[in-house]
1. What order do you get for 154, 112 when you list them from fewest to most C-beta neighbours inside 10 Å?
2. Any chance you could run the full-extension gain for residue 99 through residue 304? It's 0.36 nm times the residue separation minus the Cα-Cα distance, nm to one decimal.
3. Run the helix sum for the chain: -39,500 (n - 2.57) per DSSP H stretch of 4+ residues, divided by residue count, reported at 222 nm to the nearest 500 deg cm²/dmol.
4. Going by Cα centres, the stretch 270-318 and the stretch 211-255 are how many Å apart?
5. When each pair of different Cα atoms in the chain is counted once in the 1/r mean, what is the Kirkwood radius in angstroms, to one decimal?
6. Going by the alpha-carbon gyration tensor, a ≥ b ≥ c the square roots of its eigenvalues, is the stretch 244-318 rounded (a/c under 1.5) or, if a/c is not under 1.5, prolate (a/b greater than b/c) versus oblate?
7. Hey, what's the Kirkwood Rh for the stretch 185-318 if you take every pair of different alpha carbons, in angstrom?
8. Test of understanding: ordering 258, 249 by Cβ neighbours within 10 Å, fewest first, what list do you get?
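Just so you know, all these numbers are worked out from the coordinates, no wet-lab data involved. All of these numbers come straight from a predicted model, not from anything done at the bench. No Cβ is skipped: glycine too gets one built from the backbone with ideal geometry, and neighbour counts run over all protein chains shown.
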Ligand code: M7G
């Protein structure tokens, strides 16, 4: 087990067997990977050791994301002892090696989106990025009409709330219809180590799209998520609130309110200042002014081919 910040073992990091079990157990899930035919590379990053590929699975568009997983502390001695070692070079006190690790210590986290829409493909395509400043009026006139017709389906969110998917992954639930939420691992986290801990809290209410909809009416909801989410993570993973970055994205990809809980040490995608809004700041801003997020300008990045960027350009705002 990985060490937590208190030097103890995390209570519930997933074992390989649990991770391998899969969500549905349907055989067709395997063939989503083996039948995938590569058409083009959308993005790859040597530093992050991941690659985003567009292709087809039996005539259906698909996106596959391959990512080398972090090296786990709990398997270190096995890795060093049982790998084949090949010397690459030696010079003075320096030497480099190629380690051929046993298959079970050499996994690649694989995410499949199938069928993938054009919007999914664009989301993962490397693009030039522009920072847009959106006033409250811009939101109502440009963004809201655009996202009402164009945003990603939130079917996967409803499946979680209705226990039709990922029910066995739920870490904590508060069922209250107004202030309740479901907390579960984000699908970006394989739950094998705490360094990249990543959970999401999804609210039961279905009438809050994003940060822009929040008013002081939602303070009990936000405070409840902060305190019960932190408590649940402390209980389950022995990670204390001071080790967590708790935030909302603006713009989000999915317009059903959800809060990100990541390890503060983890440079999670989308945790930069132009997209992440700390939950504790959001709470304080709403306490000071109930209509803070209705009125103030919010900046966010948009990719070159994002239809919303076109709307801002047409309106002379970029
Ligand atoms: P977001 O801010 O709307 O968009 O966050 P982003 O994806 O651009 O960050 C949605 C969060 O939900 C992200 O952190 C996703 O990794 C996560 N997520 C997306 N999907 C489709 C799923 C899913 O099916 N299951 C789980 N557990 N997490 C998901």
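1. On the way: 154 18, 112 14.
Least to most surrounded, the residues fall as 112, 154.
2. On the way: separation 205, 0.36 × 205 = 73.80 nm, distance 4.08 nm.
Roughly 69.7 nm would be gained on extension.
3. On the way: 10 runs with 81 residues, N = 318.
One gets -7000 deg cm²/dmol as the mean residue ellipticity at 222 nm.
4. 18
5. Numbers: mean 1/r = 0.0459 Å⁻¹.
Over the chain, the inverse of the mean reciprocal pair distance is 21.8 Å.
6. Values: a/c = 2.42, a/b = 1.32, b/c = 1.84.
Oblate.
7. Values: mean 1/r = 0.0627 Å⁻¹.
Kirkwood hydrodynamic radius for the stretch 185-318: 15.9 Å.
8. On the way: 258 22, 249 18.
Ascending Cβ contact count within 10 Å gives the list 249, 258.
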